[in-house]
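> Below you'll find the structure I mean.
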């Protein structure tokens, strides 16, 4: 009788190892996409030589190339560095030490773009359907674009008039206000999402992604309505790894395009985006007399110094009368 020969397990490809490690450590999808993209660019820049044979000198040359030839911003250059350092520290298990002579891009501190109340109202009323509701929610809660997209039905609390933001920046949960004006429209929208979900279930679908290891712990939770996205996509997403069709949330580019289109059509001469509504939320709360600590909590800022940027916006335009106005 022949004995079965055990073949050695095939080691995943380098970028697959990066993805697996990122997911195991609960990094966001955005971080996963960013890190794998920069690692891939780093490898291509070095003529596809395996990173194990490269080191600090090659990393320095790549980062300098981004600064000098590609003219990237300081945050982009730092993002590339963090992705490459993750590769060496977590995957290749190599300590690089201090990387010298990097041409660091000078970080320019810009004041955030803020819509006036009138501009915010104009843009929101220029939109329609779920796009209007979504942007109203960003302005009314201070959520980031990605936080709004990832909002689940179970985290909208109509009884307590609040929204629970899960896994915000820095993997933190926080509570923000649910605007009273949106309650009726939001309830009606969720009723429509429920109909869509029921239809998906009848067709043998209706499952959504679950965070961390919840799928193993609660195998059927992914089909429960509470775990569904508040703003689902019109189409399904096929997960090759789990061989499952999911109804993912609406793509961020859809929201971004609609806001940019509205800003252009309304002839608002500001480089506005969905994130501008978060800046506007904070600035308008401070202008209304709310204390900075409350605004800090609602925004989920780790330090009040981050929230202080909005006081600088207020100082530049509000409560100051030009001397020219007093002589004319």
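The values are calculated or read from the model by the stated rules, or taken from the named source; none is laboratory data. No experiment lies behind these values; they were computed from the predicted model shown. Reconstructed Cβ throughout: ideal geometry from the backbone, glycine too, with neighbour counts over all protein chains shown.
> Please count how many residues of the range 265-283 are in a helix (DSSP H, G or I) and surrounded by 19 or more Cβ atoms within 10 Å (Cβ to Cβ).
8
> I need the full set of residues from the range 33-64 which are touching a helix residue (DSSP H, G or I) at 6+ places or on another chain (Cβ under 9 Å), within 30 Å of residue 145 (Cα to Cα) and surrounded by fewer than 16 Cβ atoms within 10 Å (Cβ to Cβ), in order please.
Answer for the range 33-64, where residues must be touching a helix residue (DSSP H, G or I) at 6+ places or on another chain (Cβ under 9 Å), within 30 Å of residue 145 (Cα to Cα) and surrounded by fewer than 16 Cβ atoms within 10 Å (Cβ to Cβ): 37, 40.
> Please go through the range 284-319 and pick out each residue that is at negative phi, in a loop (DSSP other than H, G, I, E, B) and at pLDDT below 85.
318
> Do we find that residue 154 is out of contact with any helix residue (DSSP H, G or I) (no Cβ under 9 Å at 6 or more places or on another chain) and in contact (Cβ under 8 Å) with a residue 60 or more places away in the chain in this structure?
So residue 154 does not fit the description; no.
> Mind checking whether some residue in the range 162-179 is within 18 Å of residue 251 (Cα to Cα), surrounded by fewer than 19 Cβ atoms within 10 Å (Cβ to Cβ) and more than 15 Å from the chain's Cα centre (by Cα)?
Looking for residues that are within 18 Å of residue 251 (Cα to Cα), surrounded by fewer than 19 Cβ atoms within 10 Å (Cβ to Cβ) and more than 15 Å from the chain's Cα centre (by Cα), one finds none in the range 162-179, hence no.
> For the range 144-161, name all the residues that are surrounded by fewer than 15 Cβ atoms within 10 Å (Cβ to Cβ) and closer than 30 Å to residue 23 by Cα.
154, 157
> Related question: Restrict the check to the range 238-245 and report whether at least one residue is without any contact (Cβ under 8 Å) to a residue 40 or more places away in the chain and in contact with a helix residue (DSSP H, G or I) (Cβ under 6 Å, 6 or more places away or on another chain).
Checking the range 238-245: not a single residue is without any contact (Cβ under 8 Å) to a residue 40 or more places away in the chain and in contact with a helix residue (DSSP H, G or I) (Cβ under 6 Å, 6 or more places away or on another chain).
> Regarding the range 230-240, can at least one residue be identified that is in a loop (DSSP other than H, G, I, E, B) and modelled with pLDDT of 95 or more?
Checked the range 230-240: at least one residue is in a loop (DSSP other than H, G, I, E, B) and modelled with pLDDT of 95 or more.
> With the condition kept exactly as written, say whether any residue in the range 112-132 is over 30 Å from residue 71 (Cβ atoms) and at pLDDT below 90.
Checked against the condition, which is being over 30 Å from residue 71 (Cβ atoms) and at pLDDT below 90, the range 112-132 yields no hits at all.
> Taking only the range 193-214 into account, find how many residues are surrounded by fewer than 11 Cβ atoms within 10 Å (Cβ to Cβ) and closer than 17 Å to residue 249 by Cα.
Count: 1.
> If you don't mind, there's one more thing I want to ask. Report whether or not residue 131 is surrounded by fewer than 18 Cβ atoms within 10 Å (Cβ to Cβ) and either closer than 26 Å to residue 287 by Cα or touching a helix residue (DSSP H, G or I) at 6+ places or on another chain (Cβ under 6 Å) (or both).
Spelling it out, it is not the case that residue 131 is surrounded by fewer than 18 Cβ atoms within 10 Å (Cβ to Cβ) and either closer than 26 Å to residue 287 by Cα or touching a helix residue (DSSP H, G or I) at 6+ places or on another chain (Cβ under 6 Å) (or both).
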